[in-house]
Amino acid sequence: MRAARRSPSPAPTRRRVLLTGGALGVGALLTACGDGGASTDQDGRNSRGAGSWSFKDDRGRTATAGQLPKNIVAFISTAAALHDYGIECKGVFGPSKPIGGKPNPQAGDLDLRKLTSLGTEWGQFSIEKYAALEPDLLISNMFPAPALWYVPEESSEKIASLAPTVGISVARASLKEPLKRYAELAASLGADLETERVRAAKARFHRAERTLRKAAEANRGLKVMAMTGTADQMYVAVPDSYCDLNYFKDLGVEFVEGEKSDEWGFWEFFGWENADRHHADLIMIDNRTSALPPKELAEKPTWNELPAVKAGQTIPWPMEERYSYAGYAPVLERLAAAVEKSKRLKR
């Protein structure tokens, strides 16, 4: 998830976009939407009044509308998650450009030709395009709360004044929590969670969950490291700060534990001359456009000397995957397959 945003910056470097990794974000967004008429239960689920809509988000704020929101704008992977439940957005923001000629993994199964992009880079968010969509609702992740991911701090008040907003927390918790919350949000927006497609995706996720647990049990002692990189530094994830890594740990995967290098606590970072600081048998490599891709990592001599790299025991890390069962089932399957075939390596 991207960069540390301790102060506004119109042109963040790749390092700054990565720094909080799960990131930090954009600074606190917004004015809270009032409670207007509809209510929510203790779990934050929508309770509908006559023709009204409301949803209590992970900031504890209740977004409301006089009718079910239709013109929805969302962070790219959020839109992809909602699409998996049959809820379509009108606009998106965040990384959506193809990578190496292939669809951006953060876009999931979205048909981007049908969507208005408000910007693809950090700090890009066209308020003019947003307003033209006549938005009913804006949704994004939070890394951590209360900042809405990829909503620029300097224009957050203006953006918040145009439509209610919802933030879903995806840091420092188990993956199961944002999966649950996005399903609840989709249901509040009119999704049917009992369709064959949705039920099949959830069943596939649980099968993959069992497969990964079994693979981790059979390969105890295998050390997995999640990382990202910039031209100057290597970043090793602090697993408990990321909901996916946190959850994989619950399933028995043994991670290299990066030590917090700053107050945000998402990464341990150091120069490439110290790339061998931690030993790993399997390396998960950040697959976002902001991260150093494998081709450029291969230009780092110290990277090429890592045992896991020499052994070809690396896989992509979709650290901003869409939070749906359809999105994460393949992630679990790929990790399980990698754990099954990887060998413990000598340092």
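The values are calculated or read from the model by the stated rules, or taken from the named source; none is laboratory data. Values in this document were obtained by computation on a predicted structure and should not be read as measured data. Glycine also receives a Cβ, built like all others from the backbone with ideal geometry; neighbour counts cover every protein chain displayed. Surface accessibility is based on the protein's heavy atoms, side chains included, excluding ligands, DNA and RNA. Shrake-Rupley method; radii C 1.70, N 1.55, O 1.52, S 1.80 Å.
Can you tell me the alpha carbon radius of gyration of segment 204-347 divided by the globular rule-of-thumb value 2.2 N^0.38 Å?
Ratio of Rg to 2.2 N^0.38 Å for segment 204-347: 0.99.
Contour minus end-to-end for residue 257 and residue 232, with contour as 0.36 nm per residue of separation and end-to-end as the Cα-Cα distance?
Working it through step by step, the gained length comes to 6.9 nm.
Which links in 97/341; 90/202; 158/202; 56/223; 176/300; 202/341 stretch past 30 Å when you go from one Cα to the other?
97/341; 158/202; 56/223; 176/300, as the Cα separations exceed 30 Å there.
How large is the accessible surface per residue of the chain, computed with a 1.4 Å probe and reported in Å² as a whole number?
For the chain, the solvent-accessible area averages 42 Å² per residue.
Give me the percent of DSSP beta bridges within segment 61-218 that run antiparallel, rounded to the nearest 5.
5 percent
Between rounded, prolate and oblate, where does segment 79-157 land on the alpha carbon gyration tensor, with a ≥ b ≥ c its root eigenvalues, rounded for a/c under 1.5, else prolate if a/b exceeds b/c?
Rounded.
Using the Cα gyration tensor of segment 133-199, with a ≥ b ≥ c the square roots of its eigenvalues, what is the shape: rounded (a/c below 1.5), prolate (a/b larger than b/c) or oblate (neither)?
oblate
So who's got an amide H within less than 5 Å of the one on residue 99, skipping anything under 5 residues away but keeping other chains? H placed 1.01 Å off N, in plane.
Distant-sequence amide H within range of residue 99: 104.
May I ask what percent, to the nearest 5, of DSSP beta bridges between residues of the chain are antiparallel?
Among the beta bridges of the chain, antiparallel pairing accounts for roughly 45 percent.
Based on the Cβ-Cβ distance of residue 347 and residue 203, what FRET efficiency does E = 1/(1 + (r/R0)^6) give at R0 = 45 Å, to the nearest 0.05?
For R0 = 45 Å, the calculated efficiency reads 0.65.
With a point put 7 Å past each Cα toward its Cβ, work out how far residue 120 is from residue 194 in nm, to one decimal.
For the pair residue 120/residue 194, the computed spacing is 4.1 nm.
Between rounded, prolate and oblate, where does segment 175-220 land on the alpha carbon gyration tensor, with a ≥ b ≥ c its root eigenvalues, rounded for a/c under 1.5, else prolate if a/b exceeds b/c?
Judged from the Cα gyration tensor, segment 175-220 comes out oblate (a/c at least 1.5, b/c at or above a/b).
Say each of residue 68 and residue 131 gets a label point 7 Å from the Cα, pointing the same way as Cα to Cβ; how far apart are those two points in nm?
Placing both labels 7 Å along Cα→Cβ, they lie 3.0 nm apart.
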